[in-house]
Amino acid sequence: MSMPVRPRLGVIGGLGPMASADFYRKIVELTPAREDAEHLPLVLLSLPQIPDRSGAILAETDAPLPALRQAVETLDGLGVEAIAIVCNTAHHWYDELTGSARSTLLHIADCAIAELAVHRVAGPVMILATRGTLQSGFYQRKLAAAGYSVCTAFDIAAQAEVDTVIARVKAGDLVGARTVMSDVVEAAAAAGVKAGLLACTELPLAAEGLASPDMVLIDPTAELARACLRRFGIAV
């Protein structure tokens, strides 16, 4: 495939589609551009048929890995310099993907955890995520290595509600998702949680407009977008 301008950033998306659109919107909105040509050239592969990531982890299989590897190979073939995967759970296979990639793969958890330091979070950090992401444990390991006290929605008996939020966003029911998300945030703040990581790319869509005076919400999708732009020297 020949392109008039070589894309510098490759994006693996479609996991789900609305979350990928949210990531691209954030890339555009965060870019201090005055005209089209000042935006970052990128290519987004929307691949919603990649097998369910959370289900695979829970079943202890690597079903999504071949398709993820193929996506990385496709983007490498287009000459991108860096790749973003717009799915937290897919980072369970980050090491396997980086091992064969020519380009640099950014890690969404690293981007999110760096933002915690900016907010000087001193109390418990709650990971709000798919069950597969939680079972994988990569967020827990990275947070512990950074010195944070970690908890999950299971600790406030709210994982079923998080599952519902994710499912409603994937089904296009943002209104219903935001109602349930508000309840989850309220319960977490009441439990003394000081920061919530919206560690599924559907969750930031459900949390738009939500705020708590006692708890900061970290949007890993936005932090991944910022890291991508900084990677190419774009100030954000």
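Here, each number is a calculation from the coordinates, and none is a lab measurement. None of these values were measured; they are calculated from a predicted model. All Cβ positions, even for glycine, are placed from backbone atoms using ideal geometry, and neighbour counts span all protein chains on display.
Provide the packing ranking of 189-199, 4-14, 27-37, i.e. peptides ordered by the mean count of other C-beta atoms within 10 Å per residue, highest first. Walk me through the numbers before you get to the answer.
Working: 189-199: 21.4, 4-14: 18.4, 27-37: 11.5.
The peptides rank, most packed first, as 189-199, 4-14, 27-37.
Relative contact order of the chain: what whole-number percent is it, with Cα pairs under 8 angstrom and at least 6 residues apart?
Reported as a whole number, the value is 24 percent.
Say a paramagnetic label sat at a point 7 Å from the Cα of Ala190, along Cα to Cβ; which residues of the range 166-183 have their backbone N under 11 Å from it?
183
Simple spin-label model, 7 Å along Cα-to-Cβ: Lys142 to Glu60 in nm?
Inter-label distance under the simple model: 2.6 nm.
For the range 160-236, what is the relative contact order in percent, using Cα pairs closer than 8 Å and at least 6 residues apart in sequence?
Answer for the range 160-236 is 28 percent.
State the extension gain, in nm to one decimal, for the chain segment bounded by Ala117 and Gln49, taking 0.36 nm per residue of separation less the distance between their alpha-carbons.
20.9 nm
Using the Cα atoms of the range 36-155, I'd like the radius of gyration and the largest Cα-Cα distance, Dmax, both in angstrom.
15.8, 48
List the relative contact order of the range 47-130 as a percent without decimals, with contacts defined as Cα pairs under 8 Å and 6+ residues apart.
It comes to 25 percent, rounded to a whole number.
Just from its helices, what would the mean residue ellipticity at 222 nm be for the chain, if runs of 4 or more DSSP H residues each count -39500 (n - 2.57) and the sum is divided by every residue, rounded to the nearest 500 deg cm²/dmol? Don't skip to the answer; put the middle values down first.
On the way: 11 runs with 112 residues, N = 236.
It comes out at -14000 deg cm²/dmol, rounded to the nearest 500.
Hey, what does the equivalent ellipsoid look like for the chain, semi-axes from the Cα gyration tensor as sqrt of 5 times each eigenvalue, largest first, whole Å?
Square roots of five times the eigenvalues give 28, 20, 17 Å.
Give me Tyr139, Tyr94, Tyr24 sorted ascending by neighbouring Cβ count inside 10 Å, so fewest comes first.
The most exposed by this proxy come first: Tyr24, Tyr94, Tyr139.
Determine how many Å³ per residue the convex hull of the Cα atoms of the range 109-220 encloses.
87
In whole angstrom, how far apart do the alpha carbon centroids of the range 91-148 and the range 192-236 sit?
If we compute the Cα centre of each part, the gap is 13 Å.
Using 1/(1 + (r/R0)^6) with R0 = 35 angstrom and r between the beta carbons of Arg25 and Arg69, what's the FRET efficiency to the nearest 0.05?
0.80
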